[in-house]
Amino acid sequence: MSGKKTTMAAIAREARVGIATVDRVMNRRSPVRPATERRVIEAAKKLGFALEKSHYLSALAGPPERRLKMGFILLRREHSFYAQLADALLAQASPYHEPGQPPQFVFQDINAVGETAAAITRLSREVEIIGVLALDNALIRYAVEEACRAGTKVFALLSDLSVHGRAGFIGLDNQQAGRTAAWAVDRLCRRQGEVGVIIGDNRFLCQEACESSFRSYLREQMSGQRVLEPVRSHEDAETAHRVTHEMLQRHPELVALYAPSGGVEGIFRALRESGRQQDVMLVCHGPVAGAEMALIDGTLDLMLSHRIAEFAAAIIDTFVAAAANGEQGGQLQVLNRFDLITKENL
């Protein structure tokens, strides 16, 4: 291969994939989804990266077809984020499942620990690979370990699990996300005062990492902002509405809120009802239903938004590669990027 000035990082940016995916395509290390491989090849061509003709034709032909039985455990579809993610996963998985036998999806309440553990056990008998979003709970960890010992690959999605046998983690760099949110509050909040944090549950390791990194950044900067103890929304909009309403009443000096959690629709509503939506800066994770109007009317200032289509593609690509590698490769960590959205770049 030639074209030294065109790096894999540049191709990854152009194709909107990870550098590891570009490496797999260019060096034929392991199969990736055909549509993803085409996107990488086209990005490389656009940037002037020289490919051998035989390699290019092989890449356009795509990897050998591989049928793969997949299962996913997510939070309830009533949360707009998880409904979008499920739809994206289904679309990305379509080349890999048998006709009429799409991936299995299980949607659970955040606190349905027993049901989630039972779902992991059931799916481990029916599929080859599972993606799990769940609390880091002892019963869930036990179910994951048992599934892994039985030969099923289990990946933690979005929030990691402290399970030695899991196949890997696919999600955001949560330390980076928390510090980015804190940077925004430190640099953009016009007043000093109290800062609230709303998480779904502290047993979501992703949200625990976001909160601790958020605090760490403000501490390092010797910010005058005073971060309150976090409150829990249980990923539920009604609960998020209630705890936000209570926080606004109890803390008249509240100047900012950070919500690395679900249920943000309830926070929007509470801020609007209070009449303080222009005075309290809000930074949240997304995408979330109603975010565009919240940005436009000033209720929401900044959203750290997952790239859902790219995230779903990374999950399926990782699943296919893990299945192809069999017992090789060890635990994987695949980090997806996020966008910073304001009303000016909707």
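The values are calculated or read from the model by the stated rules, or taken from the named source; none is laboratory data. Just so it is clear, the model here is predicted, and its values are computed rather than measured. FYI the Cβ positions are ideal-geometry reconstructions off the backbone, even for glycines, and counts take in every protein chain you see. The area values use the complete protein model at the heavy-atom level, side chains included, leaving out ligands, DNA and RNA. Shrake-Rupley method; radii C 1.70, N 1.55, O 1.52, S 1.80 Å.
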If one builds a Gaussian network model of the chain from Cα atoms under 10 Å apart, the most fluctuating residue listed among 118, 309, 259 is 118
The chain accessible area per residue, 1.4 Å probe, protein heavy atoms, integer Å², reads 45 Å²
Highest GNM mean-square fluctuation among 160, 301, 279, for the chain with Cα springs under 10 Å, belongs to 279
Summing -39500 (n - 2.57) over every DSSP H run of at least 4 in the chain, dividing by its residue total and rounding to the nearest 500, the 222 nm mean residue ellipticity is -14000 deg cm²/dmol
Spelling it out for residue 197: with amide H atoms placed in the peptide plane at 1.01 Å from N, the residues 5 or more places away or on another chain with amide H under 5 Å from its amide H are 228, 231, 258
Expected vector for the stretch 287-295, Karplus 3J(HN,Hα) from phi with 6.51, -1.76, 1.60 and θ = phi - 60°, integer Hz, x for Gly and Pro, equals x, 9, 4, x, 5, 4, 5, 5, 5
A correct Karplus calculation of ³J(HN,Hα) over the stretch 199-206, with 6.51 cos²θ - 1.76 cosθ + 1.60, θ = phi - 60°, whole Hz and x for Gly and Pro, returns 10, x, 6, 5, 7, 7, 4, 4
In terms of the charge dipole of the chain, which places +1 on Lys and Arg and -1 on Asp and Glu at the beta carbon, the residue among 300, 43, 311 farthest towards the positive end is 43
So the number of lysine pairs in the chain with alpha-carbon atoms under 23 angstrom apart, 8 or more residues apart or on different chains, is 8
Rounded to a whole %, the carbon-and-sulfur portion of the accessible area of the stretch 265-346 at a 1.4 Å probe is 50 percent
Computed ³J(HN,Hα) along the stretch 106-113: with the Karplus parameters 6.51/-1.76/1.60, θ = phi - 60°, integer Hz and x for glycine or proline, the list is 10, 10, 10, 5, 4, 8, 7, 5
per DSSP, antiparallel bridges as share of beta bridges in the chain, % nearest 5, sits at 10 percent
On the accessible surface of the stretch 133-237, probed at 1.4 Å with all protein chains in place, carbon and sulfur together account for a percent value of 46 percent
If each K or R counts +1 and each D or E counts -1, the residues other than residue 299 whose Cβ falls under 13 Å of its Cβ total -2
Here the gain from full extension of residue 344 to residue 83, 0.36 nm per residue of separation minus their alpha-carbon distance, amounts to 91.3 nm
Ranked by GNM mean-square fluctuation in the chain (Cα springs under 10 Å), the top entry among 107, 72, 49 is 49
Non-local residues with an amide H under 5 Å from the amide H of residue 286, with H modelled 1.01 Å from N and Pro and chain starts lacking one, are 304, 305, 306
The long-range amide H neighbours of residue 254, using H built 1.01 Å from N in the peptide plane and a cut-off of under 5 Å, are 194
